[in-house]
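Taking it in order: structure first as structure tokens, then the write-up.
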Amino acid sequence: MPGTVYFDIETQRSFNDVGGSSNLVKMGVSVACSFSTTTGEYRLYGEDDLDDLVALLTKAELVVGYNHLHFDYGVLEGYTVLDLGAQTLNLDMMVDLKEHTGRRIGLDKVASATLGTGKTAVGTDALKWWREYKNTGNREPLFKIAEYCAYDVKVTKCVHEFGREHGHVMIDDGSGVPQTVPVHW
């Protein structure tokens, strides 16, 4: 299934829970989401469905994400023997923007300045919802994680499409004046 695939994952545990960023494979996936330009569909994945996500990523012509080369792939590699970065053609927009600006910029700052809308929550909210789901068995917090993850995929897709169409994105550097960053996506 060729085409571009956008994706994001949410984790079961934080950096603190697993002893730091060197232990990404121990973080566990609570929910993952992808969008494929081939099918035009979003898809959600639970922990038991991650083989399907890995297969989609490795067959894609291009995988687009935000900090996915270090973070998302690092977590997903706890579920596969594959080196996902080596098995896929990638555009990590955070990495690309860091090369242009010299610093890491969060997706929310790029999306807010470029699209006029940001993220709907933060990763710590997803962790809280996961714990609530595990403690109570109530599926409502799981639905909140899925909604948040899917929205992040949509925002990632929209930022990428904007940059590809206009040759730049905007970032909110905190000064109140959005900064234009040229991109070649």
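Taking every DSSP beta bridge with both residues inside the chain, roughly what % is antiparallel (nearest 5)?
75
How much length would be gained if the chain were fully extended between Thr124 and Arg104, taking 0.36 nm per residue of separation minus their Cα-Cα distance, in nm to one decimal?
Extra length available between Thr124 and Arg104 comes to 5.3 nm.
Once you charge only the Cβ atoms, +1 for Lys and Arg and -1 for Asp and Glu, what is the size of the charge dipole of the chain about its Cα centre, to the nearest 20 debye? Mind dumping the intermediate values first?
Details: 17 positive and 26 negative charges, 76 e Å.
So the magnitude is around 360 debye.
For the chain, what is the relative contact order in percent, using Cα pairs closer than 8 Å and at least 6 residues apart in sequence? Provide the component values of the computation, followed by the final result.
Numbers: 333 pairs, mean separation 42.0, N = 185.
Worked out over the chain, it gives 23 percent.
Using alpha-carbon positions, what is the distance between the centroids of the stretch 1-53 and the stretch 57-79, in Å?
Between the Cα centre of the stretch 1-53 and that of the stretch 57-79, the gap is 8 Å.
For Lys154, go through the aspartates and glutamates and keep the ones whose alpha-carbon is under 20 Å away, minus same-chain ones fewer than eight residues off.
Filter leaves Asp8, Glu10, Glu41, Asp52, Glu61, Asp72, Asp92, Asp96, Asp108, Asp125, Glu165, Asp172.
What residues of the stretch 140-163 lie in the reach of a label at Thr37, counting those whose backbone N is under 18 Å from a point 7 Å from the Cα along Cα→Cβ?
153-163
Since every read-out is calculated from the coordinates, none of them should be taken as a lab result. Small disclaimer: the values here were computed from a predicted structure and weren't measured. Neighbour counts are summed over all protein chains in view; Cβ atoms, including those assigned to glycine, are modelled from backbone coordinates with ideal geometry.
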